[in-house]
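K.L.:
Below you will find the structure I want to go over with you.
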């Protein structure tokens, strides 16, 4: 199986499949496909279905099986990026809720609970994230462009809330209070930052959906008042 990511800031993942090859995806993620690719809807048991409910994923996943050579496409739901991530048994990743798009191979998603109360309550990424593990390739939806950093052991990256899209499971995440009353009340950056500590790779997104929605709502409010 080969893949292409097309479309610039309105991306689509196109997989070129041979007979017998399979791909898993979120329910409703398929955008178009060739004739001869069969769909099977799977739940994976009550526990997995409920886990996907908590992580903003669809309750069921679809498996597409190629009966003969053909292509299948998955378009992003929001302007941004689609990135491939290699998953191995010793390299699980933690991603923001709703970013899983599709996967090839023996890849599974599960609920990841934030270990620290403060990090889940104030960090912007929430208590519940998604862990992707197994062996294969996962494709993630990123809000805006994806910027990658490789953190050394103990190296920290301080992010505004909502900008963390992915981190290796070897990284840890916490929150840090912005210092100084003037910075808090006049700086416009909020009260808390997300702090990610290495070792491991992180992916930062340049346009979190919540930030984009807040910016658009200001214009919508002005338009309504006019």
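The values are calculated or read from the model by the stated rules, or taken from the named source; none is laboratory data. On a predicted model such as this, the values are computed, not experimentally measured, just so you know. For neighbour counting, all protein chains shown are included, and Cβ atoms are generated from backbone atoms with ideal geometry for every residue, glycine included.
K.L.:
Being assigned to a loop (DSSP other than H, G, I, E, B), under 25 Å from residue 87 (Cα atoms) and at pLDDT 65 or above: is that true of residue 130 here? Before you say what the answer is, go through the steps one by one.
P.N.:
Values: assigned to a loop (DSSP other than H, G, I, E, B): no; under 25 Å from residue 87 (Cα atoms): yes; at pLDDT 65 or above: yes.
So residue 130 does not fit the description; no.
K.L.:
Checking residue 103 against (1) modelled with pLDDT under 95; (2) crowded, with 20+ Cβ neighbours inside 10 Å; (3) touching a strand residue (DSSP E or B) at 6+ places or on another chain (Cβ under 6 Å), which single condition isn't satisfied?
P.N.:
All conditions are met except number (1).
K.L.:
Can you pull out the residues in region 12-41 that are in a loop (DSSP other than H, G, I, E, B), at pLDDT 95 or above and closer than 16 Å to residue 137 by Cβ?
P.N.:
Once the filter is applied, which keeps residues that are in a loop (DSSP other than H, G, I, E, B), at pLDDT 95 or above and closer than 16 Å to residue 137 by Cβ, region 12-41 yields 18, 21.
K.L.:
A follow-up question, please. I'd like to check something: does region 179-196 contain any residue that is under 30 Å from residue 30 (Cα atoms) and either under 17 Å from the mean Cα position of the chain (by Cα) or at pLDDT 95 or above (or both)?
P.N.:
no
K.L.:
Next up: Scan region 64-98 for residues that are outside any loop (DSSP other than H, G, I, E, B) and under 12 Å from the mean Cα position of the chain (by Cα) and report the count.
P.N.:
Matching residues across region 64-98 total 9.
K.L.:
Consider only pairs whose beta carbons are under 9 Å apart and that are at least six residues apart or on different chains; among these, list those whose first residue lies in region 5-27 and is touching a residue at least 60 places away in the same chain (Cβ under 8 Å) and at positive phi and whose second residue is assigned to a strand (DSSP E or B) and crowded, with 20+ Cβ neighbours inside 10 Å.
P.N.:
Listed by first residue and then by second, the contacts come to 7/82.
K.L.:
Follow-up question, since we're still on this one. If you check residue 137 against the conditions, is it touching a residue at least 12 places away in the same chain (Cβ under 8 Å), in a strand (DSSP E or B) and buried (at least 20 other Cβ atoms within 10 Å of the Cβ)?
P.N.:
Criteria not met by residue 137.
K.L.:
Can you pull out every residue in region 153-170 that is more than 11 Å from residue 202 (Cβ to Cβ) and part of a strand (DSSP E or B)?
P.N.:
Start the filter on region 153-170 by keeping residues that are more than 11 Å from residue 202 (Cβ to Cβ), which leaves 153-154, 158, 160-162, 169.
The answer is 158, 160.
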